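**Q** Here's a structure for you.
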Amino acid sequence: HTNCFIVGRKNFVVIDAASKDESEQFKLFELIDSFIEKGAVCKEIIVSHLHPDHFGGETALQKSLREKFGLEIPVSAHKLTAESLKEKIEIQKFIEDGEIFYLEDENGEKFELKALHTPGHARGHLCFYDAEKGFLLSSDNVVGTGSVVIAPPEGNLSDYLNSLEKMKSLPNLRHLCGSHGAAVFDAKAKIESYIRHRFEREQQILQAIET
């Protein structure tokens with residue numbers, strides 16, 4: 001399963017509304033409809049990156065909001081993701097590294113969510129960070145369960161390690177949640193273990209070559 005994130009409540013974005021299953025889509029639409037019926041605003045429907053478990057339901061959500069409420073909510077992604085998916089879905093808005101989304105919680109309190117371009121798993125891969133709470137949505141770069149595939153041509157291990165360092169260095173970083181599995185309490189320790197794991201694998205390969 002791929003986690004779908006709704007960040008904010010009175011002013012919100014939807015990240016990776018990916019399920020192609022109609023019963024799952026219905027559950028998501030019903031929840032989002034309940035927010036909008038109370039006056040909430042959906043700013044964007046975001047695709048974190050190009051892999052097929054991360055897109056597929058966003059245009060259905062966009063269509064549902066248009067038909068029910070007359071809303072035109074853009075589907076957005078990094079321009080490299082849009083380039084890779086141009087034959088599959090239409091991306092109306094590009095998200096830049098460092099772009100800030102100004103959102104509101106259920107009490108109308110404003111907060112900021114920053115987009116981070118973190119390539120490695122995919123060229124246009126995006127993570128999202130709430131610096132005030134120290135909470136990182138790490139998409140597929142760090143996940144709560146399983147491992148992360150770095151598959152060329154989209155995947156690049158050097159880029160991936162640089163992105164992990166960028167994530168680890170975020171100010172006030174405390175917790176994270178990836179696109180698969182549960183949230184992680186100690187974000188830095190988790191990222192450090194990912195970096196260590198990659199270097200251990202590299203040493204194993206070098207030893208195999210030497211022998």
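**Q** Please report, for the Cα atoms of the chain, the Rg to one decimal and the Dmax as a whole number; what are they, in angstrom?
**A** 17.7, 66
**Q** If you don't mind, there's one more thing I want to ask. Only helices at least 15 Å long along their own axis, judged from Cα atoms, and with Kyte-Doolittle mean hydropathy of -0.5 or greater: name those in the chain from DSSP H.
**A** 22-37
**Q** Just the number, please: carbon plus sulfur as a percent of the accessible area of the chain, 1.4 Å probe, no ligands or DNA/RNA counted.
**A** Heavy-atom surface of the chain belonging to carbon and sulfur, 1.4 Å probe: 52 percent.
**Q** Could I ask something else about it? State the extension gain, in nm to one decimal, for the chain segment bounded by Gln92 and His175, taking 0.36 nm per residue of separation less the distance between their alpha-carbons.
**A** 26.8 nm
**Q** Using 0.36 nm per residue of separation minus the Cα-Cα distance, give me the extension gain between Ala208 and Glu106 in nm, one decimal.
**A** Length difference between fully extended and current span is 31.2 nm.
**Q** How large is the dipole of the stretch 34-135 about the Cα centre if only Lys and Arg carry +1 and Asp and Glu carry -1, each at its Cβ, rounded to the nearest 20 debye?
**A** 320 debye
**Q** Right, here's the next one. To the nearest 10 square angstrom, what accessible area does Ser23 show with a 1.4 Å probe?
**A** Rounded to the nearest 10, that gives 70 Å².
**Q** Among Ser179, His78, Leu161, pick out the residue whose Cα is farthest towards the positive end of the charge dipole of the chain, where Lys and Arg carry +1 and Asp and Glu carry -1 on C-beta, about the Cα centre.
**A** Selected residue: Leu161.
**Q** Excluding Leu65 itself, what net charge comes from residues whose Cβ is under 14 Å from its Cβ, given Lys and Arg +1 and Asp and Glu -1?
**A** Around Leu65, the charge tally is -3.
**Q** Right, another one. For Tyr194, Tyr160, give me the order by solvent-accessible area with a 1.4 Å probe, most accessible first, ignoring ligands, DNA and RNA.
**A** I get Tyr194, Tyr160, largest accessible area first.
**Q** When ligands, DNA and RNA are left out and all protein chains stay put, how many square angstrom of accessible area per residue does the chain have with a 1.4 Å probe?
**A** For the chain, the solvent-accessible area averages 52 Å² per residue.
**Q** Ordered by residue, what ³J(HN,Hα) values in Hz, to whole numbers, does the stretch 70-82 give under the Karplus form 6.51 cos²θ - 1.76 cosθ + 1.60, where θ = phi - 60° and Gly and Pro are x?
**A** Per-residue couplings from phi come out as x, 8, 10, 9, x, 8, 10, 6, 5, 4, 6, 5, 4 Hz.
**Q** For Ser193, Ser76, what's the largest-to-smallest order of accessible area, 1.4 Å probe?
**A** Ser193, Ser76
**Q** Here is a further query. Please name whichever of Phe69, His1, Pro52 sits farthest to the positive end of the charge dipole of the stretch 1-83, dipole taken about the Cα centre and charges placed at Cβ: Lys and Arg +1, Asp and Glu -1.
**A** Projecting each Cα onto the dipole axis, the largest value belongs to Phe69.
The values are calculated or read from the model by the stated rules, or taken from the named source; none is laboratory data. Remember, predicted model here, so these are calculated numbers, not experimental data. Using ideal geometry, Cβ is built from the backbone for each residue, glycine included, and neighbour counts are taken over all protein chains shown. Only protein heavy atoms, including side chains, enter the accessible area calculation; ligands, DNA and RNA are left aside. Shrake-Rupley method; radii C 1.70, N 1.55, O 1.52, S 1.80 Å.
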